[in-house]
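The values are calculated or read from the model by the stated rules, or taken from the named source; none is laboratory data. Everything numeric in this text was worked out from a predicted model, so none of it was measured. We place every Cβ from the backbone using ideal geometry, glycine too, and count neighbours over all the protein chains shown. Just so you know, the surface numbers come from the protein's heavy atoms only, side chains and all, with ligands and any DNA or RNA stripped out. Shrake-Rupley method; radii C 1.70, N 1.55, O 1.52, S 1.80 Å.
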Amino acid sequence: MLILLPPSEGKTPATDGDAVDWASLSFPGLNAYRAKVLEGLGTVSAHEDALALLGVGASLRADVERNTRLHAEPAAPAHQVYSGVLYDALGYDSLTAGQKRKADDSVLVISALWGAIRFGDSVPAYRLSMATALPEVGRLASFWKPQLTEALAAATDGELLVDCRSSTYAAAWAPPPPQTVAVNVFTEVNGVRKVVSHFAKHTRGELSRHLLTRRGKAPQTPAQLRKAAAEKWTAELVDGTARKPHTLNIILPN
């Protein structure tokens with residue numbers, strides 16, 4: 001089983017330590033593409049209209065300035081850098097040592113800058129959305145899609161993929177539908193379902209934690225994943241097709 005996560009919008013910068021060691025990152029075949037994105041990000045972040053080009057507000061000016069010196073910025077494990085609702089709910093720091101090892105092996109973060117990394121990969125904090133277009137790179141989701149398809153093929157072969165990504169990051173890589181389960185979260189009132197944004201992030205984080213901490217074997221099929229989710233929530237599985245992944249719907253109480 002592999003859990004696919006988006007990065008958090010906000011990130012916690014490391015206060016000291018070494019800069020990113022490119023050779024130590026997972027999926028080293030992506031390094032040339034990572035370098036190209038990093039160069040484009042540095043160029044855009046140094047522009048006088050950087051905030052507008054990156055689609056962020058003035059309160060994030062320091063984050064954008066940091067983008068211009070990422071080669072030298074201190075790096076920290078991804079599970080420390082990524083923060084926010086989903087990652088708080090996953091709660092990596094409160095996992096046992098064995099559960100942390102499982103998380104390091106089982107979680108893949110699909111990133112606008114790094115393509116794909118694991119929790120143990122050390123990276124600097126950065127500000128970049130997969131929806132952004134960069135010079136010499138173009139729209140990042142389109143740029144990464146063929147690279148990730150090739151780079152992740154071996155790592156994901158035969159694995160059940162629990163897809164907790166947002167639509168923005170799902171656009172960057174479409175894993176094989178038969179082995180993929182996209183996770184949706186709803187509330188239901190009087191038989192009418194409503195998609196919830198904030199609680200969807202939180203619930204996907206909780207689901208990730210549940211899958212990492214529950215006893216027994218990890219789910220290996222979509223049906224086993226539904227059964228595992230039903231240990232905590234009302235959950236239903238919608239079967240996929242040869243072209244469309246399965247869907248796990250989690251329905252929260254109103």
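Observations on the structure shown:
- Each part gets one Cα centre, and for segment 10-57 versus segment 143-162 those centres are 22 Å apart.
- Among K227, K232, the sequence by solvent-accessible area, most first, with a 1.4 Å probe is K227, K232.
- Loop GluC sites (Glu not before Pro), segment 110-166 (other Cβ atoms within 10 Å of the site Cβ: 12 or fewer; DSSP): E136
- Taking the longest Cα principal axis of the chain as reference, the axis of helix 140-151 is set at about 70 degrees.
- Sparse-neighbourhood loop sites, GluC sites (Glu not before Pro) in segment 32-135 - DSSP loop, at most 12 other Cβ within 10 angstrom: E48
- Over the chain: helical MRE at 222 nm, DSSP H runs n ≥ 4 each giving -39500 (n - 2.57), nearest 500: -10000 deg cm²/dmol
- Listed cross-link partners K100/K244; K145/K194; K11/K217; K217/K244 are compared with a 28 Å cut-off, the Cα-Cα value being larger for K100/K244; K145/K194; K11/K217.
- With contacts taken as Cα pairs under 8 Å and at least 6 residues apart, the chain reaches a relative contact order of 24 percent.
- D18 exposes around 120 Å² of accessible area when a 1.4 Å probe is run over every protein chain in place.
- Expressed to the nearest 5 percent, the antiparallel share of DSSP beta bridges inside the chain is 55 percent.
- The distance separating the Cα centre of segment 59-93 from that of segment 198-248 comes to 27 Å.
- Tilt relative to the chain, helix 197-213 - C-alpha long axis, 0 to 90 degrees, to 10: 70
- Under 19 Å from the Cα of K232 - aspartates and glutamates, other chains or at least 8 residues apart: D88, D163, E188, E206
- Panel note: the C-alpha atoms of segment 80-212, placed on their principal axes, show extents of 49, 40, 32 Å (largest first).
- Ranked by solvent-accessible area (1.4 Å probe, protein heavy atoms only, all chains present), the residues F199, F186, F119 order from largest to smallest as F199, F186, F119.
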